[in-house]
Every structure is written in structure tokens, then in C-alpha cells.
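The values are calculated or read from the model by the stated rules, or taken from the named source; none is laboratory data. Since the structure is predicted, the reported quantities are computational estimates derived from the model, not experimental observations. Positions of Cβ are generated from backbone atoms using ideal geometry, with glycine treated the same way; all protein chains shown enter the neighbour counts.
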Amino acid sequence: MEFVRESEWGQRAGLMIILGVLLVMGVIPFWTDNWVGGVSLCVRFSRLFELVENKWCSVEDMVRLGWGKGGEGWKWRSRLLAWEEESARDCCYLLLNIVLHADVVDK
């Protein structure tokens, strides 16, 4: 499993830009691992991490539940304030261009 920005994938015509080591998304913690952008999401979006119900879900869990705006992966302990909703939109936007590819060898 590797993570490739969709725009880079299209521009490279099949040549993949690998953002990290070969990953198995079922064991990668969504919030606490630095699998996207070099900084963990729990650091980058610390307030969201405080409010999210499932702090220990995996990347696979979030993909399966839906990490886009309104996806089932976003469950909060309380209603979000306006600035927290904006932060959640920023997080969704960050994830928007992530494309997961299975069975691709890391070179």
C-alpha cells in the first residue's frame, strides 16, 4: 500500500511518487501516525483529535467508513463549534487528494 497524490499520479502517467515506505493501511493509525504530510493528524488537528470518538482507528477504518465531508468516519463527542468545523473541512481537504493503491511494490 502506498499513498500518492492524485494529481501527481495523473501527471506521471503511471510512475508513482511514493510519500513513504510500503504501508499496510489496516495497521496504520489514522490520527497518530505521520502517514500524510510528515506530521501526524493528531498534532496538525489537535482539537479534532480531542473531540473525535475513535482516536485509535486505522487508515483502513477511515477509508471504509468514509473520510470525506459527511463521512461516517467523522464521529464527534460533542457538536463542533464553527472554527472546529472549519478545521474538520481543512482535514477533509487534505485527505481529498490521497489515493490508496494496493499491491504496488515500494521502489
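Those residues that are at pLDDT below 90 and not aromatic (F, W, Y), I need them from segment 63-91; list them, please. Steps first, please.
Here is the first cut: in segment 63-91, the ones at pLDDT below 90 are 63-73.
Passing the criteria: V63, R64, L65, G66, G68, K69, G70, G71, E72, G73.
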**OP:** Could you look through segment 63-79, keep only residues that are part of a loop (DSSP other than H, G, I, E, B) and hydrophobic (A, V, I, L, M, F, W, C), and pick out the one that is farthest from L94 (Cα to Cα)?
**Re:** W74
**OP:** Just give me the residues in segment 31-62 being in a helix (DSSP H, G or I), crowded, with 16+ Cβ neighbours inside 10 Å, of a type in the set (D, E, K, R) and modelled with pLDDT of 90 or more, in sequence order.
**Re:** R44
